[in-house]
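What follows is a single structure, written as structure tokens, with notes after it.
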Amino acid sequence: MIKKVLLINGSPNEHGCTDVALLEAAASLNKNGIETEILWLGKQPMQDCIACFQCRQKGKCVFNDQVNEIAARLDEFGGMIVGSPVYYGGPNGRLTSFLDRLFFSADGTKFRGMLAASVVSCRRGGATAAFERLNQYFLMTNMHVVSSQYWNQIHGFIAEEARQDEEGLQTMRTLGANMAYLLKAGEAAENAGITKPEYEEATFTNFIR
């Protein structure tokens with residue numbers, strides 16, 4: 001059975017421009033037979049990582065909030081799309097605090113082979129820098145980053161303006177269609193007996209001698 005896609009809305013505005021982008025991608029996924037779930041991180045402050053390393057012993061973050069809730073459910077998802085507004089050329093702090101703790105504290109094997117993408121919304125500039133920053137979470141954890149026809153960005157100051165960005169909306173639809181196809185391709189590969197890669201034990205090199 002093909003797993004569903006988790007879409008994370010890191011904007012403090014539940015129904016703002018970021019939501020417009022995520023909903024467009026979700027609708028495309030649904031149209032192509034993939035179930036979706038949207039998680040809004042809310043307006044409350046998000047605890048950042050304090051580098052206590054207690055998650056290495058406890059198996060979860062010491063701060064029991066949405067991070068642990070999602071970490072416990074990672075097996076449900078075959079794909080993840082992370083959405084953020086652009087703040088000073090980067091993603092917003094609430095979202096990066098959530099992702100820092102999730103990717104550091106959760107079982108890293110849960111991310112391997114999962115499909116991933118980021119989407120960003122901005123009034124004018126800074127989108128590609130924020131987009132690149134978010135993609136680093138995926139590129140460092142053996143996730144497969146899904147492409148679209150352009151950088152995954154939508155423009156507008158308010159949701160009504162974002163809905164007028166025809167190219168941005170089309171980019172989100174293409175992203176959803178591509179992710180749906182790759183989820184189905186992965187399922188077909190498993191059914192055909194094509195196994196996922198087996199990874200060596202991670203090697204860490206310290207350049208300070």
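The values are calculated or read from the model by the stated rules, or taken from the named source; none is laboratory data. Every value quoted in this text rests on a predicted model; they were computed, and no experiment measured them. Cβ coordinates were reconstructed from backbone atoms using ideal geometry, including for glycine residues, and neighbour counts include every protein chain displayed. For the accessible areas, the whole protein counts, side chains as well, though only heavy atoms, and no ligand, DNA or RNA atoms are used. Shrake-Rupley method; radii C 1.70, N 1.55, O 1.52, S 1.80 Å.
Quick notes on this structure:
- Within the shell defined by Cβ-Cβ distances under 9 Å, the residues around Leu169 carry a net charge of -2, with Lys and Arg each +1 and Asp and Glu each -1.
- Short to long, the 10 Å bins of the Cα pair-distance histogram for the stretch 131-209 hold 14, 29, 29, 16, 10, 1 percent of all pairs.
- Of all DSSP-defined beta bridges confined to the chain, some 10% are antiparallel rather than parallel.
- Heavy-atom accessible surface of the chain, averaged per residue, reaches 56 Å², computed with a 1.4 Å probe.
- Membrane-span-like helices in the chain, defined purely by DSSP H runs whose alpha carbon atoms cover 30 Å or more axially and whose average Kyte-Doolittle hydropathy reaches 1.0, do not occur.
- The chain, Rg to Rh (Cα coordinates; Rh as Kirkwood inverse mean 1/r): 0.97
- Whole-percent carbon and sulfur share, accessible surface of the chain, 1.4 Å: 51 percent
- Positive minus negative residues near Gln44 (Lys, Arg vs Asp, Glu; Cβ under 10 Å): +1
- Charge tally around Asp75: other residues with Cβ under 9 Å, Lys/Arg +1 each, Asp/Glu -1 each, net +2.
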